[in-house]
Structure formats: C-alpha cells, structure tokens
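Undergrad: There's a structure below that I have some questions on.
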Amino acid sequence: MSPATKERLSVDDAQILRLESQVIKGHTGKVLILAPNSAGEPLSVPKLRKRISERMGPYERLSQRVVEPRLGLGRPAWVEADDIDLDWHVAEPAHADPLSDEELRGAIGELLSERLDHTRPLWRLDCLPLTGNRFAIVGRIHHAMADGVSGIKLVAGLLWDLDVETPNPPASAAPTSARAKTAPAKPAAGAAEERILIRLPSALWRELRPGRDTTLDQHIGPSREVAWSTFPLERLKRIGHGSPEKATVNDVVLAVVAGALRRWLPQAGGVARDLKVQIPVCLHAQEEEKKGELGNRDSFMNVDLPIAEPDPQERLRLINVATSARKFDHDADALYAFFHALSRFRPLYKGVTRLTSGPREFALSVSNVPGPRERAVILGHAVEQFCSFAEPADRHALRISVVSMEGELAFGLCSDPDAISNLDLLRGALADSIAELEGAV
C-alpha cells in the first residue's frame, strides 16, 4: 500500500473501533512469561525488536494507522504510517527492578487500562523484567486489527522460533477436536444462503431471548484488574470423555465456568442462579486466509449456563445439549448473515445491536481460542505461560478468555476492580469446579 492509498475498514472492524469510549480501550491483551535461555540469561529486547522488524512485512496492519473520514461520514481507513518507531512499539522500562508475579499482575492491569495511540499503528508490546531472570511480554493489539484467532497467528508469526505449530481452525469457540461431532457439512454457497434464511427464525429465538439481571451488570470505569490460572488440558479431556454424552472440551470449559460462578457469585454479593453467556465464534475459513491477513469475521452463540443446578454432571449435560443444537443448526452463521444484512440500514442496525448487546441478552462472554500445540520458544527462551485477556464492557463487568498451549489451558479473568473484585476467589473457584467435575464422571 502506497502512502497515499487508503483502505476502508471492514464493517466488522469499523464497528469494533466505534466501541471505544472513555472507559473502553478496544484492545485485547496477550501475556507471555519467558524463562531464561540455556545460558541463564534474560530476554534481550533489542534482539526481539530486530526479529519483529524482520518479520513484520507480511502483516501490513502493523505499519498502518487509522484515519477518520472527513466530517465523520463513512468508515475510517487504514493508511501507511509515516514512521514505525519500534522503540515505542516494543518497549521496555528505562530503569526497573524485576517484578514479582503479584507485581506483574498489577502492571498488566495498568497497561490494559491505557489506550493505544491512534496516531500510530494500533499495537504495542511492553517487555517487563521479572524475578529469576524471567521476562514478561504484555501485548496489546486493537480488536479492530485482529480477532482472537488472527491475534494468535500474529503473535506466532512475529515472535515464535521456527517449527512451532499453531492451530488455524475455522471456529474459535473451541479447538478443532471440540467442535460438534454431529454437525452436517456446510452446503454450497447458494444452498447455504437458502438454508440460513430457513433457519434464521429459530436461531434468533434461541440466541436473542432476553435473560435475567445479574451481579455482573455493572457500569465500568477505566481501571483493569486481571487474574489467571492454568490447568492441564488432559484433565478437561478426561472429564468430557468420561461423561455419558462424550462432551467436547469447550463444553467442559463452560461447565467449569458454571461451577466456579456457582461458588463465587454469592461471595461477590450475587445469587447462584442461571445466566446467559456469549461464546464468540470465529468464521474465518482456512482456504480464505493468506499469510499476514488479519481482521475480524466473528459471530457468537448465546447459551444458558445452568448455575442453579447442583449436580455438576447434569450441568455438563445441559450445556452439551444447548451447544450441540446451536452448532447443528449453524446459529453463528445465521446471526452473522442477519447482522450483516441489517448493517445496510444504519439506524436500524445500531438500534438492534444496542439491544442485543445488553446485559439481559448475555451476562458474560467466555472465549476459547486454540494456541500453539507445542511449547512456544522466543529467541531461545521457552514460554512458561501464555494467557489472554479480553476487555470488559459497560454492564458486562467481567470477561473470561481461555487459550491453550502445549497441553495446557489458561483461564484469563479481566474486570474493572471498582465494579467486580474478588478475582482471586473466582480463580480458586475454577480449580474447585474442575475437581468437582472430575469426581462426578
């Protein structure tokens, strides 16, 4: 793209950019904790900058910034940035003592509370020294630039040493093995459109029925707090395989969250009753993607979490029934087609999306994105932990993001601490919930 060339943001990307406000920053967070190399040395940030400068060419969004249209008419556009200051985009503190793990947690919350600079490309990696010659890379990538699956591909392409395989599934709600086993193959384009129209009424009824008010319905401010916990993927697989319905890993993830919320909500001043969760679904088709192509093509499913159900095995069964029906009927595809058709009528589109984004349509978003199947290595430094954080929204004061790496699942929690606190209690409740499910199957 020449300096004078402008490329308008897609409808999806522009819609995400427009969500920014005084309290919404618009970025996702990726955190990598790196071990010392074989010589016991910490990460060299200058070497990291050199690697990124050598690899960023295929990812054109990394060198583009966003410009608003004149008079605010039309969609914003990507244009080539005049200068890429890698000392800013790959930053390290000038003088900083190594952080403890708890201090790192506070630093991540502070970074996620900061807005990216719109006069520059919308990404930044902050490199923080940790105790034990470890290093943390706290990445912020604007959601208008990349969705969950694209963000993982970007991190892998920029940072990983060679020969680390990163999954590229067409649906990011779960790893490929966790997709519905009974869903029929998608038909050809014309037949698919006809089938979507037929199935749309039932999809809208299932997905957009309002739920009830919850404790998570809180107005948020600009502050952010994070917590995370990592569990062996094999534990969740055994739970799924041991259930009568052979539940998928993604179903088990939702059952773990349901059990954790059942414990945590009364401690947070709420009630342990059912609530609706939204599951983001990435619709990128493998055959459509090119190296370096980013952006968003996302839809969702809304599922009732049976928090009030005391039996953990029955909670898992109910979740499996609900997700299987939605996958079988391709609800995510139907909703994507519906909202994109509606986007041609802007006033109507804004009104409908405002309603469907409300706290009674869903109380909590839970995403699950597959990461590298092998242990990631960056410049000879093994990645000890890899976790993801999604930004809360007004009246959706908590977000849960799950990402995998080499047989581990990291549950990332993000909130505004002035609206939702006690994340340590919720983190502990996740571990208790997995143990409860293991004892029930």
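The values are calculated or read from the model by the stated rules, or taken from the named source; none is laboratory data. Computed from a predicted structure; not experimentally measured. In case anyone asks, the SASA skips ligands and DNA or RNA and just uses the protein heavy atoms, side chains included. Shrake-Rupley method; radii C 1.70, N 1.55, O 1.52, S 1.80 Å.
Undergrad: Using a probe radius of 1.4 Å on heavy atoms only, what accessible surface per residue do you get for segment 1-156? Whole Å² is fine.
TA: Details: 6990 Å² over 156 residues.
Value returned for segment 1-156: 45 Å² of accessible area per residue.
Undergrad: Give the Cα extents of segment 363-416 along the principal axes, in whole Å, largest first.
TA: Principal extents (Cα only, largest first): 42, 18, 10 Å.
Undergrad: Summarise the accessible area of segment 1-128 (1.4 Å probe, protein heavy atoms) by the percent that is carbon and sulfur.
TA: 50 percent
Undergrad: Residues with amide H under 5 Å of ALA136's amide H, sequence separation 5 or more or different chain, H placed in the peptide plane at 1.01 Å from N; which?
TA: Amide H neighbours of ALA136: LEU34, LEU128, LEU130.
Undergrad: Could you tell me what percent of the accessible area of segment 305-441 is made up of carbon and sulfur, with a 1.4 Å probe and every protein chain present?
TA: 53 percent
Undergrad: Next up: Return one whole number: the accessible area per residue of segment 388-441 in Å², for a 1.4 Å probe.
TA: Using a 1.4 Å probe on heavy atoms only, each residue of segment 388-441 averages 30 Å².
Undergrad: Work out from phi, with θ = phi - 60° and the Karplus expression 6.51 cos²θ - 1.76 cosθ + 1.60, the ³J(HN,Hα) of each residue of segment 32-45, listed in order in whole Hz, and give x for Gly and Pro.
TA: 10, 10, 9, 7, x, 6, 4, 8, x, 8, x, 4, 8, 5
Undergrad: Could you give me the ³J(HN,Hα) list for segment 310-316, computed from phi with Karplus coefficients 6.51, -1.76, 1.60 and θ = phi - 60°, whole Hz, x at Gly and Pro?
TA: 3J(HN,Hα) across segment 310-316, in whole Hz: x, 8, x, 5, 5, 4, 5.
Undergrad: Cα-Cα over 30 Å: which of LYS50/LYS237; LYS30/LYS50; LYS276/LYS350; LYS6/LYS276?
TA: Over 30 Å Cα-Cα: LYS50/LYS237; LYS6/LYS276.
Undergrad: Could you give each residue of segment 334-347 its phi-based ³J(HN,Hα) in whole Hz, using Karplus coefficients 6.51, -1.76, 1.60 with θ = phi - 60°, and x for Gly or Pro?
TA: For segment 334-347, the Karplus-derived couplings read 5, 5, 4, 5, 5, 5, 6, 5, 5, 5, 6, 10, 4, x Hz, x marking Gly and Pro.
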